[in-house]
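The values are calculated or read from the model by the stated rules, or taken from the named source; none is laboratory data. Keep in mind that what you see is a predicted model, and the values were worked out from it rather than measured. All Cβ positions, glycine included, derive from the backbone under ideal geometry; neighbour counts span all protein chains shown.
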Amino acid sequence: MASDSELIGRLQAGNLEALGELYDRHKNLVFRTALVITGDPDAAADLLQDVFLRLNRFANHIDVTRPLEPWLYRMTANLSYTWIKRSHRWWPTLEDVADWLTGARRNGSQDIHEPDEKWHQLEQAMSSLPFPQRVVVVLYYVNDLSIQEISDILDVPVGTVKSRLFYGREIIKKQLGLTAIDKLTDLQYEFT
């Protein structure tokens, strides 16, 4: 199997099959990131296509000595921000995102009523985050990236990432009435 660097090199030489291989390899990463940031599956699907169209268009500007994933995260975050700004939408429904993240569909049982309320609260908390904090929280908690990786992706200092993550956590904790952000992570596992 060819590495990302080899595929980028082929793409730079005009081989569109390389783009298809990169798409197959990274489509879930891009889609998941766009979905969690925008909260809209249709927008995430459109953004997925846009990211790979830009990968094709800007292939000659990509450094093949560096990993591709940070470029994909950065492009996805930037395009998601543009989509949110244009549509004036901020996390319209987290229930679909929650279903997608957990891989579970809701049933009509009474036991589900309380988690629905928790997801509604989480939706409210996330919607109160400014976009820069929301992106950092998504990259950290959903994509499980390190502080350094997020810094590299967003091209901001590590201290800025830490600050955005700290203030994002504080807002979420306040909105959810939690004493520790770990409870937010526990909330996610209740639905798996």
Exactly one of 48, 35 is buried (at least 21 other Cβ atoms within 10 Å of the Cβ) and either modelled with pLDDT of 95 or more or outside the structural domain of residue 76 (by TED's automatic domain parsing) (or both), and that residue is 48
Is it the case that the stretch 81-90 has a residue that's more than 11 Å from the chain's Cα centre (by Cα), within 26 Å of residue 151 (Cβ to Cβ), modelled with pLDDT under 75 and surrounded by fewer than 20 Cβ atoms within 10 Å (Cβ to Cβ)?
yes
Counting just the residues of the stretch 168-192 that are over 18 Å from the mean Cα position of the chain (by Cα) and surrounded by 16 or more Cβ atoms within 10 Å (Cβ to Cβ), which one comes out modelled with the lowest pLDDT?
191
Report, by residue number, each residue of the stretch 1-19 that is free of Cβ contacts under 8 Å to residues at least 60 places away in the same chain, polar (S, T, N, Q) and part of a helix (DSSP H, G or I).
12
Can you give me the number of residues within the stretch 20-52 that are in contact (Cβ under 8 Å) with a residue 40 or more places away in the chain, part of a helix (DSSP H, G or I) and either more than 19 Å from residue 141 (Cβ to Cβ) or of a type outside the set (A, V, I, L, M, F, W, C) (or both)?
7
Pick from the stretch 143-160, criterion of a type in the set (Val, Ile, Thr) and crowded, with 17+ Cβ neighbours inside 10 Å, ranking: farthest from residue 26 (Cα to Cα)
150
